[in-house]
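Accompanying notes for the structure given below.
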Amino acid sequence: MSRENKEDKLFNEIVDRILAGEPVKIDSSNTDLNSAIEFAKKIKDLSPSPSLSFKANLKTRLLQELHNKDAKAEQSGWFQRAFSHRLAWQLGTTMAIILVALGVTWRAGVFQPTGKNDLTSAPPKIASGVTEPVPGPTIMATTTTAGLTSFSGSQTIIQVNTATDKPDYISGETVNIDVSLTNESSSTMEIQPYPLVVTVTDANGQIVYTSDPGSNIISLLPGQTTDFKVSWEKQINTNNNKKAAPGTYYLTIGSITGDSGRTQMNQNSTSSFEILP
Amino acid sequence: MLFGFINRGTNKITQSTADTFADLYEQNVSKVLRYISYRVSDLDTAEDLTSVVFEKALSKFGNFNRERASFSTWILSIARNAVTDHYRAVGKEQNFQQDSIKNFIPESMSPDDGIVKEEELHRLKALITGLSSQEQEIIAMKFGGELTNREIAKTLGLSDSNVGIIIYRTVRKLRDSFGVTL
């Protein structure tokens, strides 16, 4: 190492100590190096610091902004919170059942008018030779509120990408699966359980493998991605303990619901692989 | 589309986030102000830009990824951009004026000490403006932002050893121009 390299290395080590506030004793006989170190001390001593009032005022303002942001998020989230509440779901489901029941009953003609308000009276006589069609019940359009619809609409909140380490495998070869989750919302999302359950199904939709659910809870910040790996060891079909037959297999990702509603995930379409004959 | 079942998580900025940001603020506000003060002429501008930097950091705090950089490095990157934007807005680099230096001297300092420090600070800042932009940047990051050579190197796309050499040579250059006899 050249003399200058040694000097600058020593100089930089000493400057780091000066900036850290450590006492520095200069033993070198190199006057150039010594005076450079003294000047570095001077630069540090001349460095300005913010006044206490500036620091305090700015901190107060920033924390107030943080609080305002929080309050705004709270206000805009009331609707979602109202409808993620268990009681609201129960009421909604009950109303849906009632509407369906009314619709079915209406269709059955229970509420059709019968002239003298007598449900047992016979239909009016029709002049012979003339037939008129008996009016049937009016079909009422029914709507049902599907309990599974996410109130977040069609916006993807969690993007799920799955990939296998190969597009096709020989029989009995372990399939390694990589799953990544990206939080595409503007809110922190908690995922439970983690890792998620990974299911492998055959072309007929039969489940041949299900991974064990994890026991962790993780938080994903907006824009953050996490990933985990699962291995389907030796392609053993968990239904019959035999190797899975050749064919196309599909990956599905899901997890066990918590109490607080459901969030829409979007899984990439390329989540299948082949087992070769 | 698949409908999964995931806990919604909270929209709220929790108390822990506010505490975390407050701690990081306390640890870094002096470094940010000092870094900016090496790049601008007067205290008012330095304080304004420091406020802008922390407001931007607050708005982007949710996206801050600790695995990619330390908070100090991250916020000093924001400070660099803020200074660049400032100079773009004012159209030219400002010359240091004697009066503007006074504001950097703490009120608690005695008048005589204050005069000496004011004079020396004026000379130092004037010399720093005479450096190349890379040298200015490195001196400001080192003595203002208190970044390590490695962090400076990563920010500027240089090697660690290169940064170390530049710091050593620049300090000696400043020393020689300052007229210090030690």
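The values are calculated or read from the model by the stated rules, or taken from the named source; none is laboratory data. Note that the coordinates shown come from a computational prediction; the quantities given were computed from them, not determined experimentally. Note: ideal-geometry Cβ built from the backbone for every residue, glycine included; neighbour counts use all protein chains shown. Areas reflect the complete protein model, heavy atoms only, side chains present, ligands, DNA and RNA absent. Shrake-Rupley method; radii C 1.70, N 1.55, O 1.52, S 1.80 Å.
One decimal place: the segment A:S186-A:D168 gains 2.8 nm when fully extended, by the rule 0.36 nm per residue minus the C-alpha distance. Placing R0 at 45 angstrom, the Cβ-Cβ distance between B:F178 and A:Y250 gives a FRET efficiency of 0.05 after rounding to 0.05. In plain terms, the chain from A:E38 to A:K229 could stretch by 63.2 nm, reckoned as 0.36 nm per residue minus the Cα-Cα distance. Extension gain for the segment A:K243 to A:Q159, taken as residue separation times 0.36 nm less the Cα-Cα distance, is 27.1 nm to one decimal. Considering only Cα-Cα distances, which of the following residue pairs are longer than 19 Å: A:K6/B:K154; A:K166/A:K229; A:K9/B:K31; A:K42/B:K117; B:K60/B:K154; A:K44/B:K173? Checking Cα-Cα distances, A:K6/B:K154; A:K9/B:K31; B:K60/B:K154 exceed 19 Å. The mean number of Cβ atoms from other chains found within 10 Å of a Cβ in peptide A:175-186 is 1, as a whole number. When both region B:12-91 and region A:160-187 are represented by their alpha-carbon centers, they are found 39 Å apart. For B:S77 and A:N30, a Förster radius of 45 Å and the Cβ-Cβ distance give a FRET efficiency of 0.80, rounded to the nearest 0.05.
For region A:32-53, a drop of 30 Å² or more in accessible area on going from the chain alone to the assembled protein chains (1.4 Å probe) is found at A:D32, A:S35, A:A36, A:F39, A:K42, A:I43, A:L46, A:S47, A:P48, A:P50.
Taken along the Cα-to-beta-carbon direction at a fixed 7 Å, the label points for A:L10 and A:I217 span 5.7 nm.
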